[in-house]
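What follows is a short report on a single structure.
A short reminder: the numbers here are calculations on the coordinates, not readings from a lab. Source: prediction; values computed, not measured. Here the Cβ positions follow ideal geometry from the backbone for every residue, glycine too, while neighbour counts run over all protein chains shown.
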Amino acid sequence: MNILIGGDVVPTDSTMALFNQGNVIDLLGESLYKKWTSSDIRLFNLEVPLTNYKKPILKKGPNLIAPTTTINGIKNLNPSLVSLANNHILDYGIDGLNSTETLLEDYHIPHVGTGCNIKEASKPYILKKDDVFIGVYACAEHEFTIATDEIAGANPFDPLESLDHIQELKEKCDYVIVLYHGGKEHYRYPSPYLQKVCRKMVEKGADLVVCQHSHCIGTYEQYKNSTIIYGQGNFIFNKLNNEFWNTSILINLKIEKELHIDFIPIVRTEKGIRLANEVESKQILLDLYSRSKRIQEQDFIENCYNELAESKINNYLRQFSGFGKWVSRFDRKILKGKLLQKKYKTNQLLSLQNFIECEAHRELILRGIKNRINKF
């Protein structure tokens, strides 16, 4: 049995016409099209609502949308299953989610990771072929599209629930694949916490954990006879043109007497994607293997994450401070951060740390913020 897993799929301006036409040969290129369609099972993350409903939700970050006509391309990719557990699937509200789910069902495309409430959203999907049962569990980090007891949305990762879901799924299946939509965008390594979470998923029964969402190829590791992939890049999402978005990998699972995994490098084109050529593939895989070797070094993940934190903390503090766009720019460019330093003395930083780190404070603050937003 052969299974291919792709990353994020979002029709954009450069690929919209091909999605509308259902022209996936030009979208993928002939060589990649043959490889993709010859596999037994095909999975990817659909990171956009397919809807003609044009009222976006209030959120921080872009609201992604694709017209319902793009279902032609989604259908002709012939997915065995698509994940909807991501941070954009509720960008156009419940109507946008309902439109997406209805379209997928009308076109006989199975989906996982969303539901009318959290109980439904957390249900896995079990694929069966040749008497082999493969369970797929999809979940996402908490952003703006998470389901609740009463509201439809994506299945959140909850350490008090999700790990039990994985364990229960393993009891029913020969293999378990976890699609985890999380991690820092444009960062090629796991955070210490993300590695801890993914390893715990393995301990609960996952044979493969795939972290999507980062929009770049990251690293991977073997842990207790399972594989964890910290970022595979996009599948078909031609939004940015940079070192992160221009390359990615398909994950190729071969199940014989046991599970084997290898990687298929792909690159972005002007109108879609294609298989990487021999030179490109060699470099992409060399970089992947080199990074993956480094995360085994003592303290490497911790040190890299400290560097990332140091590079990002002022951006976060400016957001917390309420500085407007021009004040932030003036402080950064002209004052060299002196205004921010004056704003945040040690006591203010300690208060912020306590409010974010302490469970009781964080829970109360989040409830208060959500209540306030709901009044707008």
(request) Using Cα positions and a limit of under 14 Å, work out the aspartates and glutamates in reach of Lys271, with same-chain residues fewer than 8 apart set aside. (result) Asp13, Asp26, Glu30
(request) Per DSSP H run of at least 4 residues, take -39500 (n - 2.57); add these up for the chain, divide by its residues and hand me the 222 nm value, nearest 500 deg cm²/dmol. (result) -11500 deg cm²/dmol
(message) I'd like the Karplus ³J(HN,Hα) series for the range 237-249: coefficients 6.51, -1.76, 1.60, θ = phi - 60°, whole numbers in Hz, and an x wherever there's a Gly or Pro.
(response) 7, 8, 9, 9, 10, 8, 4, 7, 8, 8, 9, 6, 9
(request) Determine the sum of side-chain charges near Gly368: Lys and Arg each +1, Asp and Glu each -1, restricted to other residues whose C-beta is under 13 angstrom from that of Gly368. (result) +4
(request) Using a Gaussian network model of the chain whose springs link C-alpha atoms within less than 10 Å, name the residue from Val279, Val132, Val178 with the highest mean-square fluctuation. (result) Val279
(message) Going through the cross-link list Lys35/Lys204; Lys204/Lys254; Lys59/Lys345, which pairs have a Cα-Cα distance over 24 Å in this structure?
(response) Lys35/Lys204; Lys59/Lys345
(message) Spelling out what I want: for every residue of the range 217-232, take phi, set θ = phi - 60°, compute 6.51 cos²θ - 1.76 cosθ + 1.60 (Karplus), and round to whole Hz; glycine and proline get x.
(response) 6, x, 9, 8, 8, 8, 9, 6, 6, 10, 10, 10, 10, 9, x, 10
(request) Go ahead and set up a Gaussian network model of the chain, Cα springs under 10 Å, then flag whichever of Leu350, Leu240, Leu46 fluctuates most. (result) Leu350
(message) Using alpha carbons only, how many angstrom separate the centre of the range 298-354 from the centre of the range 233-270?
(response) 34 Å
(request) Determine the distance separating the Cα centre of the range 134-170 from the Cα centre of the range 45-62; give it in Å without decimals. (result) 20 Å
(message) Counting other C-beta atoms within 10 Å, and keeping those with at most 16, which DSSP coil GluC sites (Glu not before Pro) do you find in the range 115-197?
(response) Glu150, Glu161, Glu171, Glu185
(request) With a cut-off of at most 14 other beta carbons within 10 Å, and DSSP calling the residue loop, which GluC sites (Glu not before Pro) in the range 280-370 qualify? Please list them. (result) Glu297
(request) Kindly write out, for the range 139-152 in residue order, the coupling ³J(HN,Hα) from the Karplus curve 6.51 cos²θ - 1.76 cosθ + 1.60 (θ = phi - 60°), rounded to whole Hz, with x marking Gly and Pro. (result) 8, 9, 5, 7, 10, 10, 10, 7, 6, 10, 4, 10, 10, 5
